[in-house]
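The next block holds one structure in the form of structure tokens; read it before the comments.
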Amino acid sequence: MGVISRKLASRLGKLKKLRGELRRQAVVDFSKVPRDLQGKVTLDTPGYDPLHAAYIAAQNFTGFFMEEVTKFPEFDSYWKIYGPAQKEYMPSDPPISPLTRSFFTTWAFFDLPAGKSRETIGTCLLDVADLLEMDDFMVETIRQFQDSRMGIYEHCGVAEGRWRLRELVTDKEFCGFNSSGYRGKKGELWYVRLCPPLLNLVDYHVAVTTPYVLIGTTTADWTAYLNKNLLGSAEPQKALHDYMKFGKAAKSRRADRSWSEFVFQAYHHHQNDAIFLAGLPDVKGSRPNAE
């Protein structure tokens, strides 16, 4: 438990009313989505995919938690980063902002480290889960959310209603459901956040962010870029995880907005289920909106 979590746990122990409200909210609500988590769900199923629904519930609760607890002074270091980022990028949807709410909030909740212990909203929530007597399924969902990150994947086609993605550098392959409904095509590059199955109830991943489709660049371009940023690492897979989650500042252990800035500068165009980005982070002239 980090410094922020310890202070928060002490505070919540005294604030019974707030603790009670957080407990009440901390339950996964499947009242409006299919209940059969083991049923076969395809992209054509009406309503919500059940795995996606679980992550939506967790994201909504984390947002409620964030709004309630960041009023406290122990989160001042968090607001120094979050506040300016929210103002600058105005997370919404194109054309207002290329940073979608799903992209920005998952970064703000699970990737933005604050304080000496580099705690996120997600780690703080997990640290006080017992105190809040949270639903076990909710805790596991938030844990998986916290462990997730954005990644760059090559589209390997669609089979039985599910896309197959191969992550660059690691070559790991994933079968999944895309919450935006965008099917894409073989050979495309996606910058997206995948979240894994929960409690072995399904056998696929879900993309919880609208896919950013990388255009005007190749698999070789992005593989070379990523490998360049992993040079000298004794644990390449961990280094890739940290770089994709925390950006350029992963090694220096500072807060970082480099991936958000890339999305902002690389925006090319959009449609209702996908956003298209052009260029590379280290080639200024390749990004349409680079200053």
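The numbers here are math on the coordinates, done by the rules we state, and not lab data. Nothing here was measured: the structure is a model prediction, and the numbers come from that model. Neighbour counts are summed over all protein chains in view; Cβ atoms, including those assigned to glycine, are modelled from backbone coordinates with ideal geometry.
I want to verify the translational diffusion coefficient of the range 149-286 in µm²/s; compute it with Stokes-Einstein, Rh as the Kirkwood radius over Cα pairs, at 20 °C and 1.002 mPa s.
Values: Rh = 15.6 Å.
It comes out at roughly 138 µm²/s.
Quick one: if the Förster radius is 25 Å, what FRET efficiency do Glu160 and Glu140 give, using the C-beta to C-beta distance and rounding to 0.05?
0.40
At a 10 Å Cβ-Cβ cut-off, how would you order Ile96, Ile152, fewest neighbours first?
Ile96, Ile152
Rank the residues Met66, Met1 as a footprinting-exposure proxy: fewest other Cβ atoms within 10 Å of their Cβ go first.
Met1, Met66
Which order results if Asp49, Asp221, Asp203 are arranged by neighbouring Cβ count within 10 Å, fewest first?
Listed from fewest to most nearby Cβ atoms, that is Asp203, Asp221, Asp49.
Hey, with R₀ at 41 Å, roughly what FRET efficiency would Lys17 and Lys284 work out to, going by the Cβ-Cβ distance, to 0.05?
The value I calculate is 0.20.
Would you mind getting me the FRET efficiency between Glu133 and Ser92? Use the beta-carbon distance for r and R0 = 51 Å, nearest 0.05. Present the calculation step by step, with values, prior to reporting the outcome.
Details: r = 35 Å, r/R0 = 0.69.
The pair Glu133/Ser92 has a calculated efficiency of 0.90.
Going through the cross-link list Lys17/Lys71; Lys172/Lys238; Lys228/Lys284; Lys87/Lys238; Lys228/Lys248; Lys80/Lys116, which pairs have a Cα-Cα distance over 20 Å in this structure? Let's see the in-between values first.
Working: Lys17/Lys71 15 Å; Lys172/Lys238 14 Å; Lys228/Lys284 16 Å; Lys87/Lys238 31 Å; Lys228/Lys248 12 Å; Lys80/Lys116 14 Å.
Lys87/Lys238, as the Cα separations exceed 20 Å there.
Considering only the other residues whose Cβ falls under 12 Å of the Cβ of Thr210, what net charge follows from Lys and Arg at +1 and Asp and Glu at -1?
After counting each charged neighbour, the total is 0.
Counting DSSP beta bridges in the chain, what percent are antiparallel, to the nearest 5? Walk me through the intermediate numbers first.
Numbers: 26 of 34 bridges.
Antiparallel: roughly 75 percent of the beta bridges in the chain.
Please identify the trypsin sites (Lys or Arg not before Pro) of the range 85-130 that satisfy two criteria: DSSP loop assignment and at most 15 other Cβ atoms within 10 Å. Which are they? If you can, show how the numbers build up before the last one.
Details: sites: Lys87, Arg101, Lys116, Arg118; in loops: Lys116, Arg118.
Those that pass, being in a loop and sparsely packed, are Lys116, Arg118.
Find how many whole Å separate the alpha carbon centroid of the range 154-218 from the alpha carbon centroid of the range 110-140.
Here the answer is 27 Å between Cα centres.
Describe numerically, in nm with one decimal, the distance between label points set 7 Å from Cα along Cα→Cβ at Glu68 and at Ala234.
About 4.2 nm, to one decimal.
What percent does the relative contact order of the chain come to when contacts are Cα pairs within less than 8 Å and at least six residues apart?
16 percent
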